[in-house]
Amino acid sequence: MQQLIYFFRKFKYFLFFLLLQCIALILIFNNLNFHKSKYVTSANAVSSSLYHQAFNISEYFSLKNVNNELLLENTYLRNRLRQKQKTTTLSDSTFVDTLKYFQKYTFSSAKIINNNFTKAFNFLTLNKGRNDSLDKEMAVVNGKGIIGITETVSPNYTRVQSVLNKNSKLNARLRNSRYFGSLKWDGRDYKILQLTDIPRQALVKIGDTVETDGKSTIFPEGILIGKVVGINNDAAVDNVIDVKLFNDMSNIGPVYVIKNLHKYEIKQIENIANE
């Protein structure tokens, strides 16, 4: 204790100088927009770099789980490809040309280097950004279902608004009945989301599958979300349905970022229709 008191007495002027310096920097960053923007940009770059280093270490110890996920996903994709080969009567070259002509979405792989799921407003960080053709308002998914939507993009990193974010609102439908509504999160259980605006005449059963309805320019149609685990019939007009995510948001491996090639064309025609 005496040594601590001696330390403060010996360096009291230097410590006082540091205190004043911190106060001055806080006032500058809070009141001057230019300095504030530079600080935020630098802080994001540093934190993203630290996240990347931490992710590289943790990734090494989770290779077995990642490989199992990739194996299951590759099996699913091979089965889908086999079904497509059985149903088409076109030649290989014609089939490839036809796919390119009608292609609406492109998929880019990425890795999550930081993941929050315990807060009310959660975000994820991807190890790719504008240099990899990523942009705002792009869907982020994996083999099990939806994860979120890209929000902020830098040259090398992307911040994703998680589905576990109270500001998140997605279009979703019941696979068995095609009724659609809004998918939200109440901020409680990170495994359960709420599907609202489903009409009362919709036949909803425990275990029904919920998926994206394709009515937005972000998510393609039919991306898995989860299954119905609870139905609240106390709502006045519509049901509030609890949906358990297929994804375990606390343990996510590789992801895919989906780009809608028709997005701007759709928005342009919709803006003309609204004028």
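The values are calculated or read from the model by the stated rules, or taken from the named source; none is laboratory data. Computed from a predicted model, the values in this text were never measured in an experiment. Virtual Cβ from ideal backbone geometry, glycine too; neighbours counted across all protein chains shown.
Each residue in the stretch 141-162 was checked for being of a type in the set (G, A, S), in contact with a Ser or Thr (Cβ under 8 Å, 6 or more places away or on another chain) and either in a strand (DSSP E or B) or crowded, with 18+ Cβ neighbours inside 10 Å (or both), and 2 of them qualify.
Only one entry in K119, K144, K205, K191 is in contact with a Phe, Trp or Tyr (Cβ under 7 Å, 6 or more places away or on another chain) and farther than 30 Å from E265 by Cβ, namely K144. In the stretch 135-164, what count of residues is obtained for those that are touching a residue at least 60 places away in the same chain (Cβ under 8 Å) and within 23 Å of N251 (Cβ to Cβ)? The number of residues fulfilling the criteria is 17. Any residue at all in the stretch 119-138 that's surrounded by fewer than 19 Cβ atoms within 10 Å (Cβ to Cβ), closer than 22 Å to D242 by Cα and polar (S, T, N, Q)? No, the stretch 119-138 contains no residue that is surrounded by fewer than 19 Cβ atoms within 10 Å (Cβ to Cβ), closer than 22 Å to D242 by Cα and polar (S, T, N, Q). Residues satisfying the criterion are absent from the stretch 128-148 (criterion: in contact with a His (Cβ under 9 Å, 6 or more places away or on another chain), over 19 Å from L261 (Cα atoms) and of a type in the set (A, V, I, L, M)). Scanning the stretch 190-200 finds no residues that are in contact (Cβ under 8 Å) with a residue 60 or more places away in the chain, under 22 Å from E221 (Cβ atoms) and among the acidic types (D, E). Within the option set E211, E221, being in the same structural domain as N165 (by TED's automatic domain parsing), surrounded by 15 or more Cβ atoms within 10 Å (Cβ to Cβ) and at pLDDT 90 or above holds for one residue only, E211.
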